[in-house]
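> I'd like to ask some things about the structure below.
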Amino acid sequence: MSNKEKDSKQDIEHGDVEEKVEETVVDDEVEQDSTEIDPLEAAQAEVAELKDKLLRQHAETENLRKRTERQVADAHKYAIEKFATSLLDVVDNLERAVETEEGNEKAVREGVTLTLDSWHKVAEKFALERIDAVGQSFDPHFHEALSKMPSEDAEDTVIAQHVAGYTLNGRLIRPAKVLVSSGPAK
């Protein structure tokens, strides 16, 4: 028999067992108390963690806002970049027409015709549509009447167009400036 077993036997015989059990229970409670966290400290730690998360979210939101503002500013600044680049061909054609030798009006006319064709291609590419109003009923949403005059056409019919109107993706950007019939002269 080992010394511990002998001591235990002697303790049992002498009634010391109850004291040893009580000592063990008390020691376990002390160990549990030392491993438990103070509720105040736990709450403070949680508050600190939540505060850190909130600050990080705020910083992330602020960065997103600034980045979005920059993107919107760039979008406004460079919105017509593709359109402007497409118009450079039209400008090049006009410059060539201007450089044509004097007395060669036929070449100038052909150059201007080619330039106009390239303009129409650019306009079509960017959904810029011309409003040709002659012969149509006057529509104040798309036409601007410069004057009314008697004609053989029905009243409120567009009889002449001074300046073409244009829509961009279906939205009017310039009305057609037109003359409108007031009907046959009386």
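The values are calculated or read from the model by the stated rules, or taken from the named source; none is laboratory data. As the structure is a computational prediction, the values presented were derived from the model and not from experiment. Cβ: placed from backbone, ideal geometry, glycine included. Neighbour counts: every protein chain shown.
> Which of the residues belonging to the range 81-90 are under 15 Å from Asp117 (Cα atoms) and exposed (fewer than 12 other Cβ atoms within 10 Å of the Cβ)? Write out each step before concluding.
At the first step, the residues of the range 81-90 found to be under 15 Å from Asp117 (Cα atoms) are 86-90.
Within the range 81-90, Leu88 is the sole residue that qualifies.
> Could you pull out the residue among Val108, Val90, Val112 that is assigned to a helix (DSSP H, G or I) and within 34 Å of the chain's Cα centre (by Cα)?
Working: Val108 fails: within 34 Å of the chain's Cα centre (by Cα); Val112 fails: within 34 Å of the chain's Cα centre (by Cα).
Among Val108, Val90, Val112, only Val90 is assigned to a helix (DSSP H, G or I) and within 34 Å of the chain's Cα centre (by Cα).
> Looking at the structure I just gave you, is Leu128 within 26 Å of Arg171 (Cα to Cα) and under 38 Å from the mean Cα position of the chain (by Cα)? Break it down stepwise before answering.
Working: within 26 Å of Arg171 (Cα to Cα): yes; under 38 Å from the mean Cα position of the chain (by Cα): yes.
Criteria met by Leu128.
> For Thr100, only one of the following conditions fails: (1) in a helix (DSSP H, G or I); (2) more than 38 Å from the chain's Cα centre (by Cα); (3) of a type in the set (Ser, Thr, Tyr). What is its number?
Among (1) in a helix (DSSP H, G or I); (2) more than 38 Å from the chain's Cα centre (by Cα); (3) of a type in the set (Ser, Thr, Tyr), the lone unmet condition for Thr100 is (1).
> Can I ask one more? In the range 37-87, how many residues are of a type in the set (Phe, Trp, Tyr) and not in a helix (DSSP H, G or I)? Give the derivation first.
Kept after step one, since they are of a type in the set (Phe, Trp, Tyr), are these residues of the range 37-87: 78, 83.
Still in the running and not in a helix (DSSP H, G or I): 78.
Final tally of qualifying residues: 1.
> Which pairs do you get when a residue that is in the same structural domain as Val158 (by TED's automatic domain parsing) and part of a loop (DSSP other than H, G, I, E, B), found in the range 117-132, comes within reach of a residue that is modelled with pLDDT of 90 or more and surrounded by 17 or more Cβ atoms within 10 Å (Cβ to Cβ), reach meaning Cβ atoms under 8 angstrom, with the pair 6+ apart or on two chains?
Short answer, once both residue conditions are applied: Asp132/Gln161; Asp132/Ala176.
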